[in-house]
1. What list of whole percents do you get for P(r) of the protein assembly as shown, with Cα-Cα distances grouped in 5 Å bins up to the one holding the largest distance?
2. Size of chain A along its principal axes in angstrom, Cα-based, largest extent first?
3. Could you give the dipole magnitude of chain A about its Cα centre, charging the beta-carbon of Lys and Arg +1 and that of Asp and Glu -1, in debye to the nearest 20?
4. Looking only at other chains, what is the average number of their beta-carbon atoms within 10 angstrom of each beta-carbon in B:31-38?
5. Gain in length, A:SER9 to A:VAL74, computed as 0.36 nm per residue apart minus the alpha-carbon separation, to one decimal in nm?
6. What Kirkwood hydrodynamic radius, in Å, does chain B give when the mean of 1/r is taken over all pairs of distinct Cα atoms and then inverted?
7. In debye to the nearest 20, how big a dipole does the protein assembly as shown give about its Cα centre with +1 on each Lys and Arg Cβ and -1 on each Asp and Glu Cβ?
8. Hey, for a label at B:SER30 modelled as a point 7 Å past Cα toward Cβ, could you say which residues of region A:86-104 have their backbone N under 11 Å away?
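Read-outs: derived from the displayed coordinates by stated rules, not from any lab. This structure is a prediction, so every number in the text was calculated from the model and none was measured. Here the Cβ positions follow ideal geometry from the backbone for every residue, glycine too, while neighbour counts run over all protein chains shown.
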Amino acid sequence: GAGVSQSPSNKVTEKGKDVELRCDPISGHTALYWYRQSLGQGLEFLIYFQGNSAPDKSGLPSDRFSAERTGGSVSTLTIQRTQQEDSAVYLCASSLVRDVLFFGPGTRLTVL
Amino acid sequence: TQLLEQSPQFLSIQEGENLTVYCNSSSVFSSLQWYRQEPGEGPVLLVTVVTGGEVKKLKRLTFQFGDARKDSSLHITAAQPGDTGLYLCAWDQGGSEKLVFGKGTKLTVNP
């Protein structure tokens, strides 16, 4: 596609349930990033992929969070046993050139 | 982790006014980026500044990088309602390809 796409655009879940968020990067972009944006906050780095490997997972807030990338393309961010503090907009970005990030529209996650 | 401080946090002005927003750190930036985020969308890269004292212009937007590379400013001339959004600065820490973002300045331009 022309840009980064994310699905779903909105997700409402109950506390304790697992959720999967999907990111389709721009075709050919080797780097993929996940960020989280809470209300009134800036973007919080979660994880970065180069190809299928994740050199930097330092931003994952707990072991309930995991991410994978397959075929150097699509990435899935999984949150297990969701908590109310996980409510946020989850943004995905892809890049071909260092520091030139193209962001998707985000997935708004609400945990009730 | 180097922290980026952005000010003001909120800014509401009338169409046609000029404004400046700031991004500061206590440490030296290797380079700095400015993004604009509109409601319901992801951030969009506006500019990257690299050299101390550098000034870049993008139509009515002027970006300046401080001589010591510890601060940057974004000046908008004759603001328009279409300039409304969250303006974020971001810094590449080097080593790992991880951009660190400030909390942003939320700008509202009223018609």
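1. Percent of Cα pairs in each bin: 1, 7, 15, 18, 18, 16, 12, 8, 4, 1, 0.
2. So the extents along the principal axes, rounded to whole Å, are 38, 25, 25.
3. 120 debye
4. Numbers: counts 2, 1, 3, 0, 3, 0, 6, 0.
Going residue by residue through B:31-38 and averaging, the value is 2.
5. Value of the extension gain: 21.8 nm.
6. Details: mean 1/r = 0.0714 Å⁻¹.
With all distinct Cα pairs of chain B included, I get 14.0 Å.
7. Roughly 100 debye, rounded to the nearest 20.
8. In region A:86-104, the label zone of B:SER30 (backbone N under 11 Å from the point 7 Å along Cα→Cβ) covers A:99.
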